[in-house]
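For reference, the structure discussed in these notes is given below.
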Amino acid sequence: MPRTSPTRGFLAREQHRVLLTIHTLLLISGLLACALLNRRFSPDRMWVQWVALAWGALFVLHLWIFSRGTLATMGGRRSGARWPSSPP
């Protein structure tokens, strides 16, 4: 019987992709705003790189969490299936 709706795994991966895309757009626009504020109000003191470093670290953490969640929805074991290396 053909499927009429997406699987839960597909929906989870799609949600992860959308949230990661939103985070990326927020990261880029936020860093651009910080760079403009840094240039405008304190051009003699550069602080925007620290914001970029912290936000980049959070982005990598976000990417790691979502990649684990995404990989968990892919290629799961079907009932009755055995791994090739498992003994009979």
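Shown are Leu32, Leu27, whose ranking by accessible area with a 1.4 Å probe and every protein chain present, most to least, is Leu32, Leu27. Inter-label distance, Arg17 to Thr4: 2.4 nm, where each label sits 7 Å from its Cα along the C-beta direction.
Loop-located trypsin sites (Lys or Arg not before Pro) in region 1-46 (DSSP state not H, G, I, E or B) with no more than 10 neighbouring Cβ atoms inside 10 Å: Arg3, Arg45. Rolling a 1.4 Å probe over the protein chains gives Phe10 an accessible area of about 100 Å².
Full extension of the chain segment joining Leu37 with Leu71 gains 8.4 nm, where the gain is 0.36 nm per residue of separation less the Cα-Cα distance.
The values are calculated or read from the model by the stated rules, or taken from the named source; none is laboratory data. Bear in mind the structure is a predicted one, so any value in this text is a computation, not a measurement. No Cβ is skipped: glycine too gets one built from the backbone with ideal geometry, and neighbour counts run over all protein chains shown. These accessible areas exclude ligands, DNA and RNA; they are computed on the full protein's heavy atoms, side chains included. Shrake-Rupley method; radii C 1.70, N 1.55, O 1.52, S 1.80 Å.
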